[in-house]
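First up is the structure itself, then whatever we jot down about it.
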Amino acid sequence: MRVAAVTVFAAAGEAGLMSAPLKALNEQLSMVEQSVKAAGKVTPGVYATVQKMKGMVEKVIEPAIVEAHGADQQLVYVTHKEVLACDTSYQSFVDNDIAEGWAVLNKTKTEWSGCEGDVEVLKQRFAKCLDDRDLLVQHNNTICCQEFAMCPSEGHCETVKLDQAHVGCDYKSKKPEECFAHAESLVASLEGYFIEQDARYEALRLQCAKFTSAVKAKVAECAYLQEAVNAKVSETNDWAERFNNGGEAFTQKCATRCADYKTCRKEKETQYLKITGPCESGDY
């Protein structure tokens, strides 16, 4: 009987400890205990050994397994949270960083487009300024040339008609008083002419000075507009560069975060499967 009892225990031990779950092992030990009791004749040592093994299962092995199971469950929970953290982090990037990135790019594009519009407006103003300047120069040249044509040299306008005073008097046959009276009558007839010419010349001189001043002012305005065009073109190029650089950086950032997310998921899922795989397959 002793041999039978030991044989039964050994078979149960091999089958239970190596392949059966904890509950099945405990049941096998109980069966051995009942077999030993049913045999009626067994040495105290064999029965005590069975009792000791059963107590070890209940008081040592089972608590250790329960404790380890709790630790494993906690590890599964933590690892699962890490997997979800990969999703949460990337979703936050999609919802916040990407939206913010697009907002910055759109704002930059708006500034760029606005500068391009300002450039076109300034170019139109500059072109009109050049046309106005050319028209002023043309009028200025016309007026000032008329002034110069009237009096090409100093004193010309005062002497241009006085030569007529020497015409029409024969000094050999007439008395000096007669020639003088004749000359005086000729000069007297020119008085209105000189007054008119003086007034016309003065008007031309004033117009010439006015147009000259206007031309200078218009030239200065055109120079200012040209500088404004150049400055706005430079600003437009700067915004364009910002947009292009920002777009490249944004694209690279998205690619990097996407790659990081895939790596995170792969690593955390691998860890998770290493822990949960044996449990899910029943190999524990």
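For the range 224-237, give me each residue that is closer than 26 Å to Ala103 by Cβ and open to solvent by 60 Å² or more (accessible area, probe 1.4 Å).
Ser234, Glu235, Asn237
Do you know which residues across the range 188-197 are surrounded by 14 or more Cβ atoms within 10 Å (Cβ to Cβ) and part of a helix (DSSP H, G or I)?
Correct list: Phe194, Gln197.
Hey, among the residues in the range 72-106 that are surrounded by fewer than 14 Cβ atoms within 10 Å (Cβ to Cβ) and charged (D, E, K, R), which one's nearest to Phe250 (Cα to Cα)?
Ranking the qualifying residues of the range 72-106, first place goes to Glu100.
Keeping to the range 198-210, report how many residues are more than 18 Å from Asn141 (Cβ to Cβ) and surrounded by 15 or more Cβ atoms within 10 Å (Cβ to Cβ).
Residues flagged as more than 18 Å from Asn141 (Cβ to Cβ) and surrounded by 15 or more Cβ atoms within 10 Å (Cβ to Cβ) within the range 198-210 amount to 0.
The values are calculated or read from the model by the stated rules, or taken from the named source; none is laboratory data. It should be emphasised that the depicted structure is a prediction, and the values quoted were computed from it without experimental measurement. Because the Cβ atoms are built from the backbone with ideal geometry, glycine has one as well, and the counts that use them run over all protein chains shown. The protein model used for the area step is the full one, side chains on, heavy atoms only, and it has no ligands, DNA or RNA in it. Shrake-Rupley method; radii C 1.70, N 1.55, O 1.52, S 1.80 Å.
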